[in-house]
Amino acid sequence: IKESDNFEFTAVCDLYDKRLKEAQDITGGKPYQRHQDLLAASDVDYVLIATPEHRHFDVAMDAIKAGKHI
């Protein structure tokens, strides 16, 4: 993805250890359990939010406040 689409996973986030580890293994991204910590990372420019609907709004608003593209 890095060369073909100019895109690189730098971080992944999940509350559950098993899914977090799997996402890290697949992407090579730095693992975070708290989205707030991920949003504070200076090497994160864009976030893809894949949360249940009841959590999506809060995470999206936090991303906007952190100056990240969604």
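Rounded to two decimals, what ratio of Rg to Rh does the chain give with C-alpha atoms and a Kirkwood Rh?
Details: Rg = 12.0 Å, Rh = 12.5 Å.
Ratio of gyration radius to Kirkwood radius for the chain: 0.95.
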FRET efficiency for K30 and E53, using Cβ-Cβ distance with R0 set to 22 Å, rounded to 0.05: 0.25
Amide H within-cut-off set for K30, under 5 Å, with H built and near neighbours excluded: A11, V12
Whole-percent carbon and sulfur share, accessible surface of the chain, 1.4 Å: 53
19 Å Cα-Cα reach of K30 towards lysines, excluding residues that sit fewer than 8 places from it in its own chain: K2, K18, K21, K68
Packing-based ranking, highest mean first, of 2-9, 63-70 given that Cβ atoms within 10 Å are counted: 63-70, 2-9
CD proxy at 222 nm, helix term only [per DSSP H run n ≥ 4: -39500 (n - 2.57); per residue of the chain; nearest 500]: -13000 deg cm²/dmol
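The values are calculated or read from the model by the stated rules, or taken from the named source; none is laboratory data. Keep in mind it's a predicted model, so treat the numbers as computed, not measured. Virtual Cβ from ideal backbone geometry, glycine too; neighbours counted across all protein chains shown. Side chains are part of the model used for accessible areas, which takes the heavy atoms of the whole protein and leaves out ligands, DNA and RNA. Shrake-Rupley method; radii C 1.70, N 1.55, O 1.52, S 1.80 Å.
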